[in-house]
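These notes concern the structure reproduced below.
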Ligand code: ARG
């Protein structure tokens, strides 16, 4: 079967105030140098890539003092036009939650308040009809139950075990309605078994792919936008018939984020 693309609507946040000033994941080193201007140009290139693929990109105003706000995937979970707002684990990111909820409310969406720690699409990914949900570092198990209630879709809990892959979207990428790519060692043995059962034909990423956040990729069902450094994963995806576009977001990786972290999918009701 040839993979087919469906047009997507994405919400992004320009990294105007991007910085690495605190450490809430192992990738972040507040003492290491970073280049804000380079982060902005890498992000602009990512946005242009989505536009060139025919997708819609909407923008939320970046707020000063919120250096991680560029990671829009953590701003909400949006399925069937319903928005589940977020609640960050760390105080440093807390003020992003009302900013994203406000954007959705202001754009006419029904917004549900999060009752538990929930970092949005960083940990909750729509795969066909079900939601795959990570826990262990950020989003709580209780948030998975709330997610299932709100969206009325089965939520499959997956236990993350490697602190380097603290959000589900750093260890697993949804490629299309049927398939995913993932790094098995980022999951508990039971969760690995669940993934094998649900996705027997999944693309298995190598540790080297994951170390460049190669799995933090955005797919429209046909074209996968992924870090250019993830060479083995790129080859594996092409072998399966997907198109790939490599992007360099190395500056954002210093905060532990890749292309997917910068991209929140806005799924309206069809
Ligand atoms: N520095 C951010 C944090 O640790 C990076 C977030 C990356 N986002 C993602 N969807 N994985 O919260």
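Worth pointing out:
- Those residues of the range 161-188 which are out of contact with any strand residue (DSSP E or B) (no Cβ under 9 Å at 6 or more places or on another chain) and away from the ligand (no atom under 16 Å from the Cβ), in sequence order: 185
- Residues satisfying the stated conditions in the range 120-144, i.e. part of a loop (DSSP other than H, G, I, E, B) and more than 10 Å from the ligand (Cβ to nearest atom): 128, 129, 136, 139, 140
- Between 246, 214, 221, the distinction of being more than 22 Å from residue 100 (Cβ to Cβ), surrounded by 16 or more Cβ atoms within 10 Å (Cβ to Cβ) and in contact with a helix residue (DSSP H, G or I) (Cβ under 6 Å, 6 or more places away or on another chain) belongs to 214 only.
- Which numbered condition residue 92 fails, given (1) surrounded by 13 or more Cβ atoms within 10 Å (Cβ to Cβ); (2) more than 11 Å from the ligand (Cβ to nearest atom); (3) more than 14 Å from residue 266 (Cα to Cα): (2)
Throughout, read-outs are computed from the coordinates displayed, never taken from laboratory work. Please read all numbers here as calculations on a predicted model, not as lab measurements. Note that each Cβ is placed from the backbone with ideal geometry, even for glycine, and that neighbours are counted across all protein chains shown.
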